[in-house]
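Data first, discussion second: the structure below is written as structure tokens.
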Amino acid sequence: MDVLRDPNGLDFDRLGGEMHALAREAYPICRSITGDGVRRTLDLLRRHVDLEVREVASGTEVFDWTVPAEWNIRAAWVKNPRGERVIDFSRHSLHVLSYSVPVHRKMPLAELREHLFTLPEQPDLVPYRTSYYQERWGFCLEHRVLEGLEEGEYEVKIDSTLEPGHLTWGELFLPGESEQTVLLSAHVCHPSLANDNLSGIAVCTFLAKLLAEAKRRYSYRFLFIPGTIGSITWLAGNGEQARQVRHGLVAANLGDAGAFHYKRSRRGDAEIDRAVARVLADSGEPHEIEDFLPFGYDERQYCSPGFDLAVGSLTRTPWGRYPQYHTSADDLDLVRPEHLATSLERYLGVVRVLESNRRYRNLQPHCEPQLGKRGLYPSIGGAAGQRKQLALLWVLNQSDGEHSLLDIAERSAMSYGEILEAAQALREAGLLEPA
Ligand code: ZN
């Protein structure tokens, strides 16, 4: 089955369950912008798709940045004066400040407190904190646990390394008829956080799995990269490939129950911006479309003025706008199989629009051709039949070689599916040819 041509026949319930299972496997892994957590995550993805794992050495200059030292961690804990482990990284990867330098010593509570991060407003949750570019160590914990810590001497151990190594990412290129490329990018640098990280990874992995089997007009490049420094590193080393990107999406926050949000590319009116808007409108579900903002995920780099790629970001609830964001509550209960499934369906819907959107030329442009004698006059009566007829007439009227199917869907306020179906029927009847 070709998922790009046949919109039915995919079992999204099953796919939702499989994506959730992938997120569940990857959830405990302590990912960061470098290190074995990223490699182990990519190994899991390689069971589904034939990813290439690529690396660049620490110290490499990438535009205005430098690839950092590689961070790895084996253990981290804090023992109270009675020798009990009151904080333990082995229980949750969020407990350690990401990129913490090694430490092993004893100190009074007052000194330890300077290295502890909590959320007083959400006292039962563990926050997510990083310190990539300043050498520090620290722990993250529930505010309620912090309040219960007794005075006395604590033993602190972080068994980590921060040494020259590599930055790692996963890349999958699926060649199509054209070298023009659709870019799909997900960040892989967050530790045990399900919506902000694993949902985008899972949806992109399964989209890649479906597209690998399809007959593709465009080429597709999937990037599973550490946020910011990963996309900067990729763009610095792949200028030629970046220039082939015609459309792109940054995927994240795709597993919660919230409505879809689309953040436009810097261009604002690129084909990807219009295709996503159309797919969301056609879904009939509530959704929001927002303008570009030079903040957020890796669209910041893809849309920097030197590249200005047509890359937007399609999410459910955007980052920072749900209470579980960057806390231990962004877990596998927040992310549900059915939400992942609908997200995959929307991404596939966008790809279908991009693949099929073209300009056609009406071969009988002088007055309306007779639909009845070509078997195109709708056999069903009533409103449904009238809509089918209207779609045929719109496509015939607008197909002067200048207007794409997406243009016609927008102008007619009909769904893209209706317009596409009409165009296919007209082609089969010999009334249209690609412009
Ligand atoms: Zn994040």
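The values are calculated or read from the model by the stated rules, or taken from the named source; none is laboratory data. From a predicted model like this one, the values you see are computed outputs, not experimental measurements. Heads up, the Cβs are rebuilt from the backbone with ideal geometry, glycines too, and the neighbour counts pull from every protein chain shown.
Conditions tested, residue by residue: (1) at pLDDT below 95; (2) of a type in the set (A, V, I, L, M, F, W, C); (3) more than 21 Å from D64 (Cβ to Cβ).
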position: Q180; (1), (2), (3): no, no, yes
position: H187; (1), (2), (3): no, no, no
position: A202; (1), (2), (3): no, yes, yes
position: G230; (1), (2), (3): no, no, no
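I need the strands (runs of 3 or more DSSP E) fully contained in the stretch 159-268, keeping only those with at least 2 residues that are within 16 Å of the ligand (Cβ to nearest atom) and not aliphatic (A, V, I, L, M).
By residue number, 181-187, 260-263.
Only one of (1) of a type outside the set (F, W, Y); (2) part of a loop (DSSP other than H, G, I, E, B); (3) under 32 Å from the mean Cα position of the chain (by Cα) fails for H403. Which number is that?
Only one criterion in (1) of a type outside the set (F, W, Y); (2) part of a loop (DSSP other than H, G, I, E, B); (3) under 32 Å from the mean Cα position of the chain (by Cα) is unmet by H403, namely (2).
Could you tell me which numbered condition A275 fails, if it satisfies all but one of (1) in a helix (DSSP H, G or I); (2) within 16 Å of the ligand (Cβ to nearest atom); (3) of a type outside the set (S, T, N, Q)?
Condition not satisfied by A275: (2).
Condition first: assigned to a strand (DSSP E or B), in contact (Cβ under 8 Å) with a residue 12 or more places away in the chain, among the acidic types (D, E) and exposed (fewer than 15 other Cβ atoms within 10 Å of the Cβ). Can you find one or more residues in the stretch 285-308 that meet it?
Checking the stretch 285-308: at least one residue is assigned to a strand (DSSP E or B), in contact (Cβ under 8 Å) with a residue 12 or more places away in the chain, among the acidic types (D, E) and exposed (fewer than 15 other Cβ atoms within 10 Å of the Cβ).
Tell me the residue from L10, L22, L4, L97 that is modelled with pLDDT of 95 or more and closer than 28 Å to V350 by Cα, please.
None of the others qualify; the one that does is L22.
Identify all residues within the stretch 331-369 that are surrounded by fewer than 21 Cβ atoms within 10 Å (Cβ to Cβ) and among the small types (G, A, S); write none if there are none.
Hits for the stretch 331-369 are G349, S356.
Do you know which residues across the stretch 355-397 are among the small types (G, A, S) and modelled with pLDDT under 95?
G372, G375, S379, G381, G382, A383, A384, G385
So which of L211, L207, L172 is over 21 Å from Y99 (Cα atoms) and within 12 Å of the chain's Cα centre (by Cα)?
L207 is the lone residue from the list that is over 21 Å from Y99 (Cα atoms) and within 12 Å of the chain's Cα centre (by Cα).
Say whether the condition of being outside any loop (DSSP other than H, G, I, E, B) and touching a helix residue (DSSP H, G or I) at 6+ places or on another chain (Cβ under 9 Å) is met by at least one residue in the stretch 98-111.
The answer is no, given that none of the residues of the stretch 98-111 is outside any loop (DSSP other than H, G, I, E, B) and touching a helix residue (DSSP H, G or I) at 6+ places or on another chain (Cβ under 9 Å).
For the stretch 260-303, which residues satisfy the criterion of being among the acidic types (D, E) and under 17 Å from S415 (Cβ atoms)?
Across the stretch 260-303, the qualifying residues are D282, E285.
Return yes when T181 is surrounded by 18 or more Cβ atoms within 10 Å (Cβ to Cβ), in contact (Cβ under 8 Å) with a residue 40 or more places away in the chain, over 18 Å from R91 (Cα atoms) and out of contact with any helix residue (DSSP H, G or I) (no Cβ under 6 Å at 6 or more places or on another chain) and no when it is not.
yes
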